[in-house]
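Below is one structure; the comments refer to it alone.
Throughout, read-outs are computed from the coordinates displayed, never taken from laboratory work. Predicted, not measured: the structure shown is a model, and the values here were computed from it. No Cβ is skipped: glycine too gets one built from the backbone with ideal geometry, and neighbour counts run over all protein chains shown.
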């Protein structure tokens with residue numbers, strides 16, 4: 001397992017724990033500085049996006065979903081999500097951070113198909129896809145752009161979420177938000193209007209973004225900075241699964257004896273039965289991680305982040321319990337798919353070299 005959460009769990013003195021956290025933050029900043037300097041020294045020009053498919057629209061594109069994946073072939077999760085997006089009325093721009101093995105076999109739900117070469121990971125792919133669609137004239141003044149990626153297993157029930165986002169009049173819709181390291185909307189699924197995308201705040205954010213592969217940088221310069229810049233510009237988000245939603249779910253958990261619903265990350269301590277504990281955790285945790293289990297158990301949250309095991313949030317035993325619950329709600333086939341997604345990536349222990357060291361220290 002990673003050393004950072006292990007060491008942090010052993011530090012009982014608050015002062016020592018705070019100093020250790022400051023050390024990790026400094027190491028993270030040092031790694032970002034190193035990657036920025038290396039990018040500046042190399043002066044390598046990223047390869048342009050490659051357009052694999054550009055379907056002429058037979059009707060105005062009021063809604064476009066930029067769906068970023070990392071795979072040579074589409075899996076069941078990708079196809080299920082494409083079908084749901086198409087059903088909600090989105091023209092899908094399928095953006096691959098790898099190269100498609102057989103692009104001719106891609107389903108017709110993907111109106112646009114782009115290869116982005118993993119430049120800046122998911123956030124970089126969002127920006128490059130927006131610029132590409134703008135250049136092609138696909139983004140109209142009334143267009144709503146949904147951004148999502150395949151870091152999530154999309155479960156049955158996502159159709160209703162996509163339909164809600166498609167019908168929403170707000171300029172900024174988020175699926176979830178995080179209170180970990182400051183408040184921000186998570187970037188795995190959110191929607192902006194074309195007015196916001198064409199606005200000064202979004203343009204400044206995209207212009208300042210460096211297309212690195214550094215995970216901590218992508219969080220800070222990606223979803224955190226975008227959230228702050230849009231808020232500063234006066235854009236206010238509607239969050240579908242926000243703190244109020246999770247607070248209500250906490251009430252359900254407190255009244256339930258459901259074993260799976262009560263599972264929380266090991267390093268957050270005991271959540272029950274005191275309400276003040278729940279409130280405290282709501283304001284310091286990554287809520288998508290913290291409440292995946294009760295959300296799935298009660299059938300109200302049709303998404304599972306794939307890094308729950310890889311990032312040492314939950315144990316393998318907990319993952320097995322979650323997948324058993326998914327089998328109960330959605331069948332064994334999807335449960336097996338979810339298990340493979342969560343456990344197939346491993347727990348990070350197989351990483352080697354510089355990447356392995358950064359993972360173990362908790363700086364990437």
Practice item. Go through 24-30, 299-305 and give me the packing order, highest mean Cβ count within 10 Å leading. Key: 299-305, 24-30
Check your understanding: What shape does segment 63-170 have by the C-alpha gyration tensor, where a ≥ b ≥ c are the square roots of the eigenvalues, rounded means a/c under 1.5, and otherwise prolate means a/b greater than b/c and oblate the rest?
Key -> oblate
Review point. At a Förster radius of 22 Å, what calculated FRET efficiency corresponds to the Cβ-Cβ distance of residue 73 and residue 343, to the nearest 0.05?
Key: 0.60
Exercise for review: Report the paramagnetic label zone for residue 159: residues of segment 287-312 whose backbone N is under 19 Å from a point 7 Å from Cα along the Cα-to-Cβ axis.
Suggested key: 299-304
Study note, to complete from the structure: Per its Cα gyration tensor (rounded if a/c is under 1.5, else prolate when a/b beats b/c, else oblate), segment 160-230 is best filed as oblate
Practice item. Label segment 50-240 by shape, choosing from rounded, prolate and oblate, from the square roots a ≥ b ≥ c of the eigenvalues of the Cα gyration tensor; if a/c is under 1.5 it is rounded, and otherwise prolate applies when a/b is larger than b/c, oblate when it is not. Key: rounded
Point to revise | Per-peptide average of other Cβ atoms within 10 Å, ordering 119-126, 132-139, 94-101 highest first | key: 119-126, 94-101, 132-139
Practice item. Please give the FRET efficiency for residue 244 paired with residue 307, using the beta carbon to beta carbon distance and R0 = 25 Å, rounded to the nearest 0.05. Key: 0.50
Practice item. Could you work out how far the C-alpha centroid of segment 288-327 sits from that of segment 214-237, in angstrom? Key: 26 Å
Exercise for review: Extending each Cα 7 Å along its Cβ direction at residue 254 and residue 183, get the distance between those two points in nm, one decimal.
Suggested key: 2.2 nm
**Study point:** Separation of alpha-carbon centers, segment 93-109 and segment 167-192, rounded to whole Å
**Key:** 27 Å
Check your understanding: Within segment 72-105, what residues put their amide N at less than 16 Å from the label point 7 Å along the Cα-to-Cβ vector of residue 50?
Key -> 72-74, 94-105
Exercise for review: Please give the contour-minus-distance gain from residue 332 to residue 104: 0.36 nm per residue of separation, less the Cα-Cα distance, rounded to one decimal in nm.
Suggested key: 79.0 nm
